[in-house]
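The values are calculated or read from the model by the stated rules, or taken from the named source; none is laboratory data. Source: prediction; values computed, not measured. With ideal geometry, Cβ positions are generated from the backbone for all residues, glycine too; neighbour counts draw on all protein chains shown. Calculation scope for accessible area: heavy atoms of the full protein, side chains included, ligands and nucleic acids excluded. Shrake-Rupley method; radii C 1.70, N 1.55, O 1.52, S 1.80 Å.
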Number of protein chains: 2
Amino acid sequence: MAFKQELNDQFARMGKVLGSGRRLELLDYLAQGARSVDALATVSGLSVANTSQHLQKMQQAGLVRAERQGKQIFYALADDEVITLMTVLHGLAERHLAEVREMVSMHLTARDRLAPVSVEELLARAQSGLVTILDVRPPEEYAAGHVPGAVNISPAHLREQIAQLDAGREVIAYCRGPYCTFSFEAVAALRAQGFTAHRLESGFPEWKQAGYPVEYEHSEQVSR
Amino acid sequence: MAFKQELNDQFARMGKVLGSGRRLELLDYLAQGARSVDALATVSGLSVANTSQHLQKMQQAGLVRAERQGKQIFYALADDEVITLMTVLHGLAERHLAEVREMVSMHLTARDRLAPVSVEELLARAQSGLVTILDVRPPEEYAAGHVPGAVNISPAHLREQIAQLDAGREVIAYCRGPYCTFSFEAVAALRAQGFTAHRLESGFPEWKQAGYPVEYEHSEQVSR
DNA sequence: CAAACATTCAATCATGTGGTTGAATGTTTG
DNA sequence: CAAACATTCAACCACATGATTGAATGTTTG
């Protein structure tokens, strides 16, 4: 039936866009909030023209939308379901692509031992009061729910705001999930500054889904 | 950070596979259960060699797995999350691709009048015993699993066999999913014959994934 | 209204992809 | 062990894609 094929071809337009690591990286950044083209270009290391073209493809595929603000154009995810899409994709890749599992475990053992902390350990250490829980997600996501007592530093301001953390306390960082690399970066940055830091093995979605308590207010954000 | 890029390249391997309408169609069929290569080839209209190649790509990307049974090789979804992935993709496409909305409304005639029934409603009405659940999929798919108590009329014989249904009962039709067009056609045909008919808003894959009971025997098929 | 800036366009190239064909592989059956 | 069958492989073509360049478009600022 022609209709079904045409429909699948439309779905494939969206699928095609997910077939490029660069675009997935851009989507990762966009998951933090709207960004201008050249902000995305600098953060991803791509040329501006190339970034622009990728963004346009994603816009045509309906994954991303653009809005002009002054002389810049800000791109944002079309929908929060795009994050869901990526999370499901990550989960499938983790379960069925041996390369992904190997890469993660190699990366963890090769670069110092960033031994991840389990949710249970986090709870135990949190009760001792000697640990700083660090939420490395964009402020909007933090505001929409976070681990109780967690401090929020958005990935973009990580390096500048590390100084505001208590250097005497152990830090446990988390972000969106096991394959969200911000927590890796945060732990690396923290250790470079002399902190004792670990990352949570999972992320906030898993935390929430497991039924642990969630705090919604803007409680202890370090940034302004 | 090279790690991040390599990781995204791995995720992109999986994404690439979603960038072909033919493969998405094959995944649609696989969502019903395991199928042999040539069963998939005939149902999709592709050549056997071509089907085989698509299946192998999907297997390498970890979306699908193969198992030999006798002289045939049966492919199946690697994981039920693949259905989730496709469902999220469909939802995004429906919301953000004007073409999809247009195609659906143009081709599926007066959507308002075909008001879909939710799974919960179906269960409630089914318990009343006053409703006929109609499975509008090919017999093989019906045999591989269907909603308990559902009656099967294959799309090819729809018009001839409508007369065998009880005209006094409401009919709720379903097929493979929200974008499977057979249920729309069935509802239109039933209404043309004076039936009270609705379509299930989702389809059998979603039903199965939601954990509702599945019946496997050949229980009440109307056709011969 | 012209300069400065952010983004997009257009042309080009190397590479990757889907599809076809016919031969090759591997499993079961007689 | 050879025939029959299901699937895969290998070679090939037309076409799409990602990336690079330099010019063009459109918006704000002085």
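Residue by residue, here is whether (1) touching a Ser or Thr at 6+ places or on another chain (Cβ under 6 Å); (2) more than 25 Å from B:Ala34 (Cα to Cα) holds:
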residue	(1), (2)
B:Pro148	no, no
B:Asn152	no, no
B:Glu170	yes, yes
B:Ala188	no, yes
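Residues that are in a strand (DSSP E or B), closer than 27 Å to B:Leu89 by Cβ, near DNA strand C (Cβ under 7 Å from one of its atoms) and of a type in the set (Gly, Ala, Ser): does the range A:50-72 have at least one? Lay out the reasoning, then the answer.
Of the residues in the range A:50-72, the ones in a strand (DSSP E or B) are A:64-69, A:72.
Filter again for closer than 27 Å to B:Leu89 by Cβ, leaving A:64-67.
If we keep only those that are near DNA strand C (Cβ under 7 Å from one of its atoms) as well, we get A:66.
Then keep just the ones that are of a type in the set (Gly, Ala, Ser); that gives A:66.
So far as the range A:50-72 goes, yes, one or more of its residues are in a strand (DSSP E or B), closer than 27 Å to B:Leu89 by Cβ, near DNA strand C (Cβ under 7 Å from one of its atoms) and of a type in the set (Gly, Ala, Ser).
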All but one of (1) open to solvent by 30 Å² or more (accessible area, probe 1.4 Å); (2) farther than 27 Å from A:Val88 by Cβ hold for A:Ile162; which doesn't? (1)
From the list A:Ala66, A:Ala98, A:Ala76, which one is open to solvent by less than 80 Å² (accessible area, probe 1.4 Å) and within 19 Å of the chain's Cα centre (by Cα)? A:Ala76
Spot the failing condition for A:Met86; the list is (1) within 16 Å of DNA strand D (Cβ to nearest atom); (2) part of a helix (DSSP H, G or I), and only one is missed. (1)
Which of (1) open to solvent by less than 70 Å² (accessible area, probe 1.4 Å); (2) within 14 Å of chain B (Cβ to nearest Cβ) does A:Ala126 not meet, given it meets every other one? (2)
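Only one of A:Lys16, A:Lys4 is within 14 Å of chain B (Cβ to nearest Cβ) and within 10 Å of DNA strand D (Cβ to nearest atom); which? Full working, then the answer.
Values: A:Lys4 fails: within 10 Å of DNA strand D (Cβ to nearest atom).
From the options A:Lys16, A:Lys4, the qualifying one is A:Lys16.
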Scanning the range B:12-48 for residues that are within 9 Å of DNA strand C (Cβ to nearest atom) and among the charged types (D, E, K, R), the one least open to solvent (accessible area, probe 1.4 Å) turns out to be B:Arg23
Is there a residue being assigned to a helix (DSSP H, G or I), at pLDDT below 85 and surrounded by fewer than 17 Cβ atoms within 10 Å (Cβ to Cβ) anywhere in the range B:177-187? no
Taking the range B:144-159 and the residues there that are crowded, with 16+ Cβ neighbours inside 10 Å and without any contact (Cβ under 8 Å) to a residue 40 or more places away in the chain, the one that is nearest to B:Gly203 (Cα to Cα) would be B:Pro155
Can A:Arg137 be described as of a type outside the set (Gly, Ala, Ser) and part of a helix (DSSP H, G or I)? no
Would you please name the residue that is nearest to the other protein chains (Cβ to nearest Cβ), looking only at residues in the range A:79-95 that are among the β-branched types (Val, Ile, Thr) and open to solvent by 30 Å² or more (accessible area, probe 1.4 Å)? A:Thr84
Any hit, the range B:94-108, residues being under 22 Å from A:Gly15 (Cα atoms) and in contact with a Ser or Thr (Cβ under 6 Å, 6 or more places away or on another chain): no
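Using the structure shown, decide if B:Gly62 is at the interface with chain A (Cβ under 9 Å from one of its Cβ atoms), under 27 Å from B:Ala188 (Cβ atoms) and not polar (S, T, N, Q). Before you say what the answer is, go through the steps one by one.
On the way: at the interface with chain A (Cβ under 9 Å from one of its Cβ atoms): yes; under 27 Å from B:Ala188 (Cβ atoms): no; not polar (S, T, N, Q): yes.
No; evaluated as a whole, the condition is false for this residue.
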Go through the range B:188-206 and count every residue that is open to solvent by less than 10 Å² (accessible area, probe 1.4 Å) and over 30 Å from B:Val82 (Cβ atoms). 3
Total residues in the range A:31-56, condition within 13 Å of another protein chain (Cβ to nearest Cβ) and either more than 9 Å from DNA strand D (Cβ to nearest atom) or at pLDDT 95 or above (or both): 5
